[in-house]
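Each remark here refers to the structure printed beneath this line.
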Amino acid sequence: MSDFETVKESFERCGTSDGFYDTFYELFLSKSDEIAPFFSGTDFKKQKKLLKATITTMIRFPLDHRGTQTTLAMVAKTHSPNNYNSYNIKPELHALWLDSLCETVKKHDPDITVELEDKWRNYIQEAINTILSKY
Ligand code: HEM
């Protein structure tokens, strides 16, 4: 099975588990005192839907650069400290985002293994590198 299929199926298993995105934001916002203030005015119902769509895109990225570039470029535009009116997110905070995602998968995928967690991390890191390359 390809890494794409392996990670995609794991994400589908996570999707059937209640509270995946609640766990993600609980973990992410507790990673550093710097993070929670960014989300003081956030509509998390909307944010969780956007996060689901973006993770789906990030999983497709290694297979379909052309079809996913625009979404990643948009995230870079709204997050980069180099853009006017952006959220001004330092690159190093993305590492905490990835840690939170991997820990959330670990809690919600009943078939998680150390190898699968590594696959997730390496896989999603590719999309994050692209987002940061557009910073
Ligand atoms: C690669 C990792 C990340 C991805 C894929 C991602 C994705 C997204 C998406 C899709 C949105 C909604 C659309 C938008 O406003 O652009 C968003 C909003 C946001 N993100 Fe991220 N993000 C990431 C990392 C981070 C990090 C590290 C922070 C640091 C605190 C952060 C803070 C925010 C904030 C403050 C918003 C706006 C929330 C609101 O509308 O109130 N993001 N992100």
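The values are calculated or read from the model by the stated rules, or taken from the named source; none is laboratory data. It should be emphasised that the depicted structure is a prediction, and the values quoted were computed from it without experimental measurement. With ideal geometry, Cβ positions are generated from the backbone for all residues, glycine too; neighbour counts draw on all protein chains shown. The area values use the complete protein model at the heavy-atom level, side chains included, leaving out ligands, DNA and RNA. Shrake-Rupley method; radii C 1.70, N 1.55, O 1.52, S 1.80 Å.
Numbers at a glance
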{"item": "Nearest-0.05 FRET efficiency for residue 40 and residue 65, computed from C-beta distance (R0 25 Å)", "result": "0.10"}
{"item": "Normalised alpha carbon radius of gyration of the chain [divisor 2.2 N^0.38 Å]", "result": "1.02"}
{"item": "Accessible area in the full protein assembly, largest first, 1.4 Å probe, for 2, 86", "result": "2, 86"}
{"item": "Å² per residue, accessible surface of segment 1-119 at 1.4 Å", "result": "60"}
{"item": "Leading residue at positive end of dipole, the chain (Cβ point charges), from 132, 29, 110", "result": "132"}
{"item": "Segment 1-134 - percent of accessible surface contributed by carbon and sulfur, probe 1.4 Å", "result": "51"}
{"item": "Contact order normalised by residue count of the chain, Cα under 8 Å, 6+ apart, percent", "result": "36"}
{"item": "Low-density loop cleavage sites - GluC sites (Glu not before Pro) in segment 1-40, where at most 14 other Cβ are within 10 Å (DSSP)", "result": "34"}
{"item": "For segment 1-74 and segment 97-121, distance of Cα centres in Å", "result": "12"}
{"item": "Nearest-10 value in Å² for the accessible area of residue 21, using the 1.4 Å probe", "result": "40"}
